[in-house]
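A short write-up of the structure that comes next.
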Amino acid sequence: MYKYDTYDQAAVDARVAEFRDQVERRLSGALSEDQFKPLRLMNGLYLQLHAYMLRVAIPYGTLDSRQMRMLAHVARTYDRGYGHFTTRQNIQYNWIKLEDAPDILAELATVEMHAIQTSGNCIRNISSDQYAGAAADEVTDPRPWAELLRQWSSFHPEFSYLPRKFKIAVIAAGEDRAAMRLHDIGIEIVERDGQHGARVFVGGGMGRTPMIAPEIRDFVPLADLLSYLEACLRVYNRYGRRDNMYKARIKILVHEIGAADYARQVEEEFAHVKALGIDLPAAEFERIAAFFAPPAFETGLSETIDRSDPDFALWLDQNVKPHKAPGYAIVNISLKPVGGIPGDASAEQIDVMADLAERYSFGEARVTHAQNIVLPHVRKADLYAVWQALAEAGLAEANLDLISDIIACPGLDYCSLANARSIPLAQKIATRFADPARQRELGELKLKISGCINACGHHHAGHIGILGVDKKGTENYQLSFGGSGAEDVSLGKITGPGFDEDGVVDAIERATDLYLARREAGERFVDTYRRLGMEPFKEAIYG
Amino acid sequence: MADDLLRLRDDEAHDEPAVTLDSFLGQSNATAVRLEAGEDARALLPHLERLALVEVSFPSFRDGRGYSAARILREAGYTGELRAEGDVLVDQIAHMRRCGFDSFAPAAPIDEAAMARMLAIQPHVYQCAADDRAPIWKLRHG
């Protein structure tokens, strides 16, 4: 894992002092709320329905046990004992007092954490593959690239007042576990002639106008990466729309002028920027990469796992994934217990996960965009002990990628933008499909719920997506099928008229019944949908 | 406005009023020009030699186009006065400095003590910009 040096620590400490100064000026009235808002947003602080919400950055979803314990401490001390892991691999706290925010940031800084650029119209926390450094299918570990981008984008003087927020994802495997092409910039690290470079996609995103990012450049050498990204951002900063915030994301610019014309403008700008000498020397990349060297994996470990406990075996089959090192496995901890709030964990649970990471996973944990936690490097021999400890903490739900592993935004229970509640609906669906055998029978089924058109719950990318809307003062839910945020990226299509809360649960049940009746061998729900098309599903739902 | 002008340059303030970009491009003798937020700073590049002042408008502090305009001018070698005018606030000035602005004409008075604190608060910077501060990666590798 990356460790701060004195420069990194000084930057984060200075940011705390800067924000403390800004909060004092806000409380004294020297700053208006209008002037203060972008400043607090760039420190992760939102004003929600009931209180301030603080979003803490977990760069590329990687954190260590010490940092996790700090997250538990913040939940316990400044919130109501919970943290909420987000689709951007961050954590947010829903019950924060403005005057506590500088102290929280100061506490976070003691463990090399911050809330810098987790909101605002700037380059946000860089997201990545939660299996980085553990997955067998990766070309290289994408996290050194992500850390390099974290540093470059921190307090970027030219790109802190962009037309709109800007999200970058970096992956380095054929399997896309980070919804890379649904980002403003998606980077896939590829190898060419023995060199690693970036395949760059620009202009993806969800929100009210979902777009899959087109490829803008098939290979950018590492030595040119920052120049190239500066060019991408500069074209956007100059020509992205500022007249309408709903058309201000880079996807609209790329769509309106066309990917080819956007790429041409970037190339022109790149030719100029490249000459400025702003790119990092290889030595700096190597310095960063050294922090992500594989941990000291033991050799000669046993591959056998005692499956005699049937509940353990079910969890093993569903939540544990292959690791590149012999004798090791990747453990997924589901934060989606039936009836729970997707992505929520109590301070005690966060402490348990910190302890398990420390004892069994080289001190490391990851947050996934599906709002779960990963212990990336667990010895197969330790899996049973890990499972027992998780079960005791209510963290052993064996539902990874099943219908109850729901992504949901906070919705109308917390969010000032929402039109409908997301959490109660997620709970209702999970309860309807609570039978674990039934869930396993349905297989991989990614269900995603957003409580408004901003799509924080990724509904466009759900095999089944649900969008909450306000219909003449009552909550109404639109259903869509066929989306995916993975390497088979696609956008969901709306089935037809919306439903009330119970109606949408019934409709999902009718659609999954149809899938079970019509599927061919090996087909997931989304595969059957793609083969059959919408019509038979429509008939099943609307009869 | 002149009362509120904050200059971080040693030379004498330029006293010729800035003309619009259209006027500037249409006449050969103007030495000061004003760029509106949406105007292309690159239109000035053939004329940098005779320019003493470029004023860049910030109609709202949220409109960040002026940061790119400033860097483009500095990257092209412009050394004259580069003034940020309009909704210029204490907490944006450090970024403006890094992008090459060296004078500020805020629409509302600036708290100069707060500005001095904010300008000094980050000891180092992570990336190259239009100022001469060495980025952290350069400090790390000498």
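Look at (1) away from chain B (no Cβ under 13 Å); (2) buried (at least 18 other Cβ atoms within 10 Å of the Cβ) and you find that A:Thr299 fails only one, number (2).
Cβ separations smaller than 8 Å between residues 6+ apart or across chains give the following pairs from segment B:67-82 residues that are more than 16 Å from B:Ser57 (Cβ to Cβ) to residues that are in a strand (DSSP E or B): B:Arg74/B:Leu82; B:Tyr78/B:Val54; B:Gly80/B:Leu53; B:Gly80/B:Val54.
When restricted to residues that are in a helix (DSSP H, G or I), closer than 21 Å to A:Arg69 by Cα and among the basic types (Lys, Arg), segment A:361-400 contains 0. The single condition from (1) closer than 20 Å to A:Asp13 by Cα; (2) at the interface with another protein chain (Cβ under 7 Å from one of its Cβ atoms); (3) buried (at least 23 other Cβ atoms within 10 Å of the Cβ) that B:Arg65 fails is (1).
For segment B:102-123, filtering for residues that are facing chain A (nearest Cβ under 8 Å) and either surrounded by 17 or more Cβ atoms within 10 Å (Cβ to Cβ) or within 18 Å of the chain's Cα centre (by Cα) (or both) leaves 3. Being more than 22 Å from A:Asn94 (Cβ to Cβ), of a type outside the set (D, E, K, R), crowded, with 22+ Cβ neighbours inside 10 Å and out of contact with any His (no Cβ under 9 Å at 6 or more places or on another chain): is that true of A:Leu425 here? No, not satisfied.
Number of residues in segment B:126-142 that are within 7 Å of chain A (Cβ to nearest Cβ) and of a type outside the set (D, E, K, R): the value is 8.
Identify, from the list A:Leu225, A:Leu233, A:Leu253, A:Leu229, the residue that is part of a helix (DSSP H, G or I), more than 30 Å from A:Tyr2 (Cβ to Cβ) and within 14 Å of another protein chain (Cβ to nearest Cβ). Checking each option against the conditions leaves just A:Leu253. Here A:Glu286 fulfils each of the conditions (1) surrounded by 18 or more Cβ atoms within 10 Å (Cβ to Cβ); (2) within 14 Å of chain B (Cβ to nearest Cβ) apart from (1).
Scanning segment A:28-65 for residues that are within 14 Å of another protein chain (Cβ to nearest Cβ) and surrounded by fewer than 17 Cβ atoms within 10 Å (Cβ to Cβ) returns A:Ser28, A:Gly29, A:Ala30, A:Ser32, A:Glu33, A:Asp34.
Taking the criterion of being in a loop (DSSP other than H, G, I, E, B) and touching a residue at least 12 places away in the same chain (Cβ under 8 Å), the residues of segment A:267-289 that qualify are A:Ile278, A:Asp279, A:Leu280. Within segment A:1-15, being at the interface with chain B (Cβ under 10 Å from one of its Cβ atoms) and either in contact with a strand residue (DSSP E or B) (Cβ under 6 Å, 6 or more places away or on another chain) or in contact (Cβ under 8 Å) with a residue 60 or more places away in the chain (or both) holds for A:Asp8, A:Ala11, A:Asp13, A:Arg15. Cβ-Cβ contacts under 9 Å between residues 6 or more apart (or on different chains), taken from a first residue in segment A:290-303 that is on the phi > 0 side of the Ramachandran plot to a second residue that is surrounded by 12 or more Cβ atoms within 10 Å (Cβ to Cβ) and at pLDDT 95 or above, are listed as A:Gly300/A:Pro326; A:Gly300/A:Gly327. Step by step: first the residues of segment B:77-99, then only those that are more than 9 Å from every other protein chain (Cβ to nearest Cβ) and among the aliphatic types (A, V, I, L, M), then the one that is farthest from B:Asp11 (Cα to Cα). Which residue is that? Checked segment B:77-99; the qualifying residue farthest from B:Asp11 (Cα to Cα) is B:Val88.
For segment A:241-249, the count of residues that are buried (at least 23 other Cβ atoms within 10 Å of the Cβ) and either within 14 Å of chain B (Cβ to nearest Cβ) or touching a helix residue (DSSP H, G or I) at 6+ places or on another chain (Cβ under 8 Å) (or both) is zero. Do you know which of the residues in segment B:70-103 that are among the charged types (D, E, K, R) and out of contact with any Leu (no Cβ under 9 Å at 6 or more places or on another chain) is farthest from B:Leu51 (Cα to Cα)? Only one residue fits best here, namely B:Asp87.
Only residues that are assigned to a loop (DSSP other than H, G, I, E, B) and farther than 13 Å from A:Leu31 by Cα: list them for segment B:89-115, please.
Kept after step one, since they are assigned to a loop (DSSP other than H, G, I, E, B), are these residues of segment B:89-115: B:89, B:99-102, B:107-111.
Within segment B:89-115, B:Cys99, B:Gly100, B:Phe101, B:Asp102, B:Ala107 meet the criteria.
Residues A:Leu71, A:Leu63: which one is within 30 Å of A:Lys448 (Cβ to Cβ), touching a strand residue (DSSP E or B) at 6+ places or on another chain (Cβ under 8 Å), outside the structural domain of A:Lys448 (by TED's automatic domain parsing) and assigned to a helix (DSSP H, G or I)? Answer to the check: A:Leu71. Being surrounded by fewer than 24 Cβ atoms within 10 Å (Cβ to Cβ) and touching a Leu at 6+ places or on another chain (Cβ under 7 Å) is a condition met by at least one residue of segment A:134-151. Within segment A:337-372, restricting attention to residues that are in contact with a strand residue (DSSP E or B) (Cβ under 9 Å, 6 or more places away or on another chain) and within 24 Å of A:Asp435 (Cβ to Cβ), which residue is surrounded by the fewest Cβ atoms within 10 Å (Cβ to Cβ)? In this case the residue turns out to be A:Asp344.
The values are calculated or read from the model by the stated rules, or taken from the named source; none is laboratory data. A quick note: this is a predicted structure, and the numbers were derived from the prediction, not measured. Note that we place each Cβ from the backbone using ideal geometry, even for glycine, and neighbour counts take in every protein chain shown.
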